[in-house]
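Take a look at the structure below.
The values are calculated or read from the model by the stated rules, or taken from the named source; none is laboratory data. For clarity, every value in this text was computed on a predicted model and none was experimentally measured. Neighbour counts are summed over all protein chains in view; Cβ atoms, including those assigned to glycine, are modelled from backbone coordinates with ideal geometry. Ligands, DNA and RNA are stripped out before the accessible areas are found, and what is left, the full protein with its side chains, is counted by its heavy atoms. Shrake-Rupley method; radii C 1.70, N 1.55, O 1.52, S 1.80 Å.
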Amino acid sequence: MESEDDMIDDSVSMEDDFYSGDLSYCYDDDPNDNDNDYYFDDDNDYGLLEDDDDDDQDAIVSRRPQLSYTVLKEADIKQQQEDDISKVSTVLSISRVDATILLRYYNWSVSKVHDEWFADEGGVRQSVGLLERPAVQVSNARELTCGICFESFLRDNITSVACGHPFCLSCWRGYISTTIYDGPGCLSLRCPDPSCNAAVGKDMIDKLATSEEKEKYSRYLLRSYVEDNRKTKWCPAPGCEYAVDFTVGSGNFDVSCNCSYSFCWNCTEEAHRPVDCETVAKWILKNSAESENMNWILANSKPCPKCKRPIEKNQGCMHMTCTPPCKFEFCWLCLGAWAEHGERTGGFYACNRYEAAKQEGVYDEAERRREMAKNSLEKYTHYYERWASNQLSRQKALADLHQMQTVHLEKLSDLQCTPESQLKFITEAWLQIVECRRVLKWTYAYGYYLPEHEHAKRQFFEYLQGEAESGLERLHQCAEKELNKFVTGDGPSKEFDDFRAKLAGLTSVTKNYFENLVRALENGLADVDSQAAAACSKTTSSKNTGGTSKTRGGRGKGSSKSGGSGRNVDDTSN
């Protein structure tokens, strides 16, 4: 048994942590360990990456946890399923039917099957329904009674699973057919006897089911391998039949299916790096919830004093008339009856009563709530409009990329007398635009949830986002407008080589900008905290060496643990 135990991978517990969402093993818990700080170089330079740093960048990349996933076709899924069944059957010395039942019970985890089997084989058999000996002893009589229809049949027309409970072939067929048409629950089929836990395997299905039922059962079994397996998921794109097998890697869950759809393996939403899944879930929920509708109503309307229906005032004087059947006339400002208003209260465009009551604090709470709702709505609208705008720009860029690949590249190759293999820089530029639009879109969701009081982080985030967005706009304009004159030209152009160099350069520069942005956000903008800590350390050092109290640190900004740090970053960054 020692050799069999050795076959179980020592990394099982690490994989279990990873697929359950615990990625703590990927990183050192020691905050003073600099090995984790591979996202940034020593200079914390968020500008362009210089050529001299190529070796350092290669070293940085080599230290990152490597991501690995495989896109599987149906044939690949079947092959992996068969391989896993063979492994379990060979190691445990059991039939392939029993191995399939075991794997199904343990969600197709080979390592889990091995662990549980070698720890308590008898307990596993009892739980799964793989009986070693029959639960009932059947007599050697020529005829037996079916336990369902209670008819007597010759022994050839009676069959049973490992438990030995006898049922006629007709009742078995009806039982199997009903459970298969009921859905995937047929994969956990048990003996028809209510008191029996014996499992019904694929051999019984192959023996008694019709061709259509066998096909359904096989389809359920194949889908089970993906849907019950923690390491495998279907691509969520509509109509896609590929699956993705994900192995232990870094915290980056973004994968690209062969159907060209990119999604997050962890939450199955569209790819959203560098924003975490929790933020994405909150943002999507907020976009679909009714909360913003209520905020808009609260910020832009007032209830009719009589019927309480919300009314929006979009123009005109303060004299309001509610819609039928209410028809109540009132003042928009103080909500009093209009019959009590006139020239003495300020006329149609003012209300002395409201101003007097406001000075006394009568309307403070209502106005405060309305102002808060308005500010909240304005903030959400600001970020949502830019999020949606980049989504539309990305969709347009995808359409332009398709047009370029299918039509324009061939035409451009003929006009400029250049083989299409030398025009890959154009496709690379458009692919970079598509990816950058996706990243930029999700940075607005990140910005919405960035705490308002963290001024230094917000300032740093907006700087990085602005630099990346400016670079992307330059690249997009070059790829869209400047390329058009070569596509619509009459022949070769002397300026095409200059355009090639410009577009390739902009592609590289924009890529660097966005890599800096992604690294910073994935690191939680921690560089701001490190700069603050450095500033505090420098201040303390200057004090200990006799620095005067009139320096910036001496005024107390460096000694604060919270707000002081933020102010130091603002001072040093300016």
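Based on this model, can you work out whether Q315 counts as modelled with pLDDT under 85, surrounded by fewer than 17 Cβ atoms within 10 Å (Cβ to Cβ) and of a type in the set (S, T, N, Q)?
Values: modelled with pLDDT under 85: yes; surrounded by fewer than 17 Cβ atoms within 10 Å (Cβ to Cβ): yes; of a type in the set (S, T, N, Q): yes.
For Q315, the condition - modelled with pLDDT under 85, surrounded by fewer than 17 Cβ atoms within 10 Å (Cβ to Cβ) and of a type in the set (S, T, N, Q) - is met.
Being among the polar types (S, T, N, Q) and touching a helix residue (DSSP H, G or I) at 6+ places or on another chain (Cβ under 8 Å) narrows it down to one residue among S218, S211, S224, S256; which is it? Give the steps one after another, and end with the answer.
Details: S218 fails: touching a helix residue (DSSP H, G or I) at 6+ places or on another chain (Cβ under 8 Å); S211 fails: touching a helix residue (DSSP H, G or I) at 6+ places or on another chain (Cβ under 8 Å); S256 fails: touching a helix residue (DSSP H, G or I) at 6+ places or on another chain (Cβ under 8 Å).
Exactly one residue qualifies, and that residue is S224.
Go through L130, L102 for me and flag whichever is crowded, with 20+ Cβ neighbours inside 10 Å, in a helix (DSSP H, G or I) and either of a type outside the set (D, E, K, R) or in contact with a strand residue (DSSP E or B) (Cβ under 8 Å, 6 or more places away or on another chain) (or both). Talk me through it step by step, then tell me what you get.
Details: L130 fails: in a helix (DSSP H, G or I).
Answer to the check: L102.
If you take just the strands (runs of 3 or more DSSP E) that sit entirely in region 209-266, which of them hold at least 1 residues that are among the aliphatic types (A, V, I, L, M) and within 21 Å of Y69 (Cβ to Cβ)?
Working: elements: 232-234, 243-247, 254-256, 262-264.
The qualifying strands (runs of 3 or more DSSP E) are 243-247, 254-256.
For every residue, the table says whether it meets (1) open to solvent by 40 Å² or more (accessible area, probe 1.4 Å); (2) outside the structural domain of E151 (by the TED database).
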position: Y175; (1), (2): yes, no
position: V200; (1), (2): no, no
position: M204; (1), (2): no, no
position: S218; (1), (2): yes, yes
position: W234; (1), (2): yes, yes
position: Y242; (1), (2): yes, yes
position: D245; (1), (2): no, yes
position: D254; (1), (2): no, yes
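Look at E378 and say whether it is under 30 Å from the mean Cα position of the chain (by Cα) and modelled with pLDDT of 80 or more.
Numbers: under 30 Å from the mean Cα position of the chain (by Cα): yes; modelled with pLDDT of 80 or more: yes.
Yes: the conditions hold for E378.
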**Message:** Would you confirm, using the coordinates I've provided, whether C186 is farther than 26 Å from Y106 by Cα and in contact (Cβ under 8 Å) with a residue 12 or more places away in the chain?
**Reply:** no
**Asked** If R273 satisfies every condition in (1) more than 20 Å from R437 (Cβ to Cβ); (2) in a loop (DSSP other than H, G, I, E, B) but one, which is the exception?
**Response** (1)
**Request:** May I ask you to list the residues in region 402-460 that are open to solvent by 70 Å² or more (accessible area, probe 1.4 Å), of a type in the set (A, V, I, L, M, F, W, C) and within 27 Å of K286 (Cβ to Cβ)?
**Result:** none
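Sort out which residues of region 475-484 are within 15 Å of N390 (Cα to Cα) and touching a residue at least 12 places away in the same chain (Cβ under 8 Å), and write them in order of number.
Quick first cut of region 475-484, residues within 15 Å of N390 (Cα to Cα) only: 475-477.
Residues satisfying the conditions are L475, H476.
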